[in-house]
Each structure stands twice: as structure tokens, then as C-alpha cells.
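One structure is given below, encoded as C-alpha cells.
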Amino acid sequence: MPATLIKTQCPARTVLAVFSAQYPIFNKHLPLAIGINKQLSQLHPEISGKKFIAALRHHTASTSYLKAMEKAIHRLDFEGKQAGEVTEEQVELAEKQKAEKLGLFLEKFSSQYS
């Protein structure tokens, strides 16, 4: 993908597609290391900062990622190497965020079909 396209036109999902193609941790929704954004931004200077942050937010807010966080012990860097532990507080936050997403979904679903 041309660098200019990534900088100017690609949405968060396209950035995630680039990361998923290069880094298995994104495909598997494994817990990301704290500060991975700095590592990846150095490796991918062609991706603008705003799109980069939006892509990581989209990824870490996904239900698959939150489920992985609930069960995880370690965080991983972009190479899949251990890079810190998942704390109890982080597990609780993932559980809370997943429950909120489910609540919003159920609320939307019930309002559409009631």
C-alpha cells in the first residue's frame, strides 16, 4: 500500500489490516504491550498519528480483545514476546468494558425489535 494512501485516506480498519498482515498478535487479539504504539509508530512512519491511535483504540475496544484480556497473564510486543503482565485491575477493566458493550448492544437490539 502506498505510503501516501495510508497517510491521507485510510481508516482505522485499513491500518489494522496492515498490522494484522505483519503482526500475528493483532490477528489473535492478544494483549498488547504498554507503549506498543511508540514501537509501531517508529516501524510505520507512513501512518499518520491520528489514524494510528484510532486503529489501536478500535482494536483494543473489540470484544475479541477484551475477552483475551480477561484470560491473559502477559502482554506481548509486536514480535509476540512477553512484555509485561496483565494486572488484576486491567482484567477487571476489560470485564467492565465488555459488559458495557453487551449492555449497549442489548439495549439497541431490544429497542429495534420491541
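Things worth noting here:
- Top-ranked residue in region 22-51 [being part of a loop (DSSP other than H, G, I, E, B) and hydroxyl-bearing (Ser, Thr, Tyr); ranked as surrounded by the fewest Cβ atoms within 10 Å (Cβ to Cβ)]: Ser48
- Test: His59 is under 10 Å from the mean Cα position of the chain (by Cα) and of a type outside the set (Val, Ile, Thr): yes
- Scanning region 62-73 for residues that are more than 13 Å from the chain's Cα centre (by Cα) and assigned to a loop (DSSP other than H, G, I, E, B) yields Ala72, Ile73.
- Criterion violated by Ala55 - all others in (1) surrounded by 14 or more Cβ atoms within 10 Å (Cβ to Cβ); (2) on the phi > 0 side of the Ramachandran plot satisfied: (2)
- Of the residues in region 96-104, at least one is open to solvent by less than 50 Å² (accessible area, probe 1.4 Å), at pLDDT below 95 and in a helix (DSSP H, G or I).
The values are calculated or read from the model by the stated rules, or taken from the named source; none is laboratory data. Just so it is clear, the structure is predicted and the values come from calculations on it, not from any experiment. With ideal geometry, Cβ positions are generated from the backbone for all residues, glycine too; neighbour counts draw on all protein chains shown. Ligands, DNA and RNA are stripped out before the accessible areas are found, and what is left, the full protein with its side chains, is counted by its heavy atoms. Shrake-Rupley method; radii C 1.70, N 1.55, O 1.52, S 1.80 Å.
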